[in-house]
1. Once phi is turned into ³J(HN,Hα) by the Karplus curve 6.51 cos²θ - 1.76 cosθ + 1.60 with θ = phi - 60°, what whole-Hz value does each residue of the range 25-30 show in order, with x for glycine and proline?
2. Using Cα pairs under 8 angstrom and six or more residues apart, how large is the relative contact order of the range 1-69, in percent?
3. What are the ³J(HN,Hα) values, in whole Hz, obtained from phi via the Karplus relation 6.51 cos²θ - 1.76 cosθ + 1.60 with θ = phi - 60°, for each residue of the range 145-157 in sequence order, with x given for Gly and Pro?
4. Can you list which of the trypsin sites (Lys or Arg not before Pro) found in the range 63-131 are DSSP loop residues with at most 13 other C-beta atoms within 10 Å?
5. Which entry in (i) 136; (ii) 157; (iii) 120 matches volume of the Cα convex hull per residue in Å³ derived from the coordinates of this structure?
6. Taking the Cβ of ALA26 as the centre, find all other residues whose Cβ is under 11 Å away and add up their charges (Lys, Arg: +1; Asp, Glu: -1).
7. List nothing, just return the count: lysine pairs in the chain, 8 or more apart or interchain, with Cα separation under 26 Å.
8. How many percent of DSSP beta bridges within the range 97-184 run antiparallel, rounded to 5?
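Derivation of every value follows stated rules applied to the coordinates shown; laboratory data play no part. Quick caveat: nothing in here was measured; it's all calculated off a predicted structure. A quick note on method: Cβ atoms are made from the backbone with ideal geometry, for glycine too, and the neighbour counts reach across all protein chains shown.
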Amino acid sequence: MANLLIIDTALEEAIVALSKDGKIVAELTNKETHSHASFIQVAIANVLAEQQMTISALDAIAITLGPGSYTGLRVGLATAKGIAYSIQKPLIGLSTLSALATRAIQLAPNAFEPPFQVFAMIDARRMEVFGAIYDPSCNPILQEQAIVLDQAKWNSLIHQPTLCIGNGLAKTKDFTAPHPVNYLEGHYTSQVLLDMAMTKLNAAQFEDLAYVGPNYLKEVYILPSK
């Protein structure tokens, strides 16, 4: 089995984890969103040291590509690409929305009888979310996109019983729904990310280091410095 380094700096909580033989053996988290950049390098060094492992012993690096925080995604991907390039090991890209949907099904496996759907959503400010809808096997029904929510849009998306998860769901709780909706408080875990990464590793689904970039889902606007 492979040794994987898992890096996630896409959302409020950053995760750096190390796996051996399909199990998480070391993990550090950071809940201070604006300090992910200073956290990540130290955390990587610490989880490797805890397991007395050198970076060259890694078989692959898994990284969340988004959607999520613009700065967080850049920090995480730059680090992951640098490690993958330096040790010539594959880079595995993961979706935060897919990870949330996977976690939703774990948290509430019997919430609804099939057919039902899972709506994963990440706060994108104002009444906008980064969202995607999945079936009970986590196959996409609605592809990842930026969604501006109002009652009419909500009605058009909730066309069967729905599990909602992610930090964007608070924006939807005042809407009425044409089908039952179950709101789940929770976040994906390092084990969820590992399971997704192992599936891609076994299928040899790797990112091209020269071309892979963060999945922002919409244009990033940067104000010029004064």
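1. Using θ = phi - 60°, the values come out as 10, 7, 7, 10, 10, 9 Hz.
2. Result for the range 1-69 is 39 percent.
3. Coupling constants for the range 145-157: 6, 7, 10, 8, 8, 8, 4, 5, 5, 4, 4, 6, 8 Hz.
4. Filter output for the range 63-131: ARG125, ARG126.
5. Working out volume of the Cα convex hull per residue in Å³ from the coordinates points to (i).
6. Net of charged neighbours comes to 0.
7. Final tally of qualifying lysine pairs is 23.
8. 60 percent
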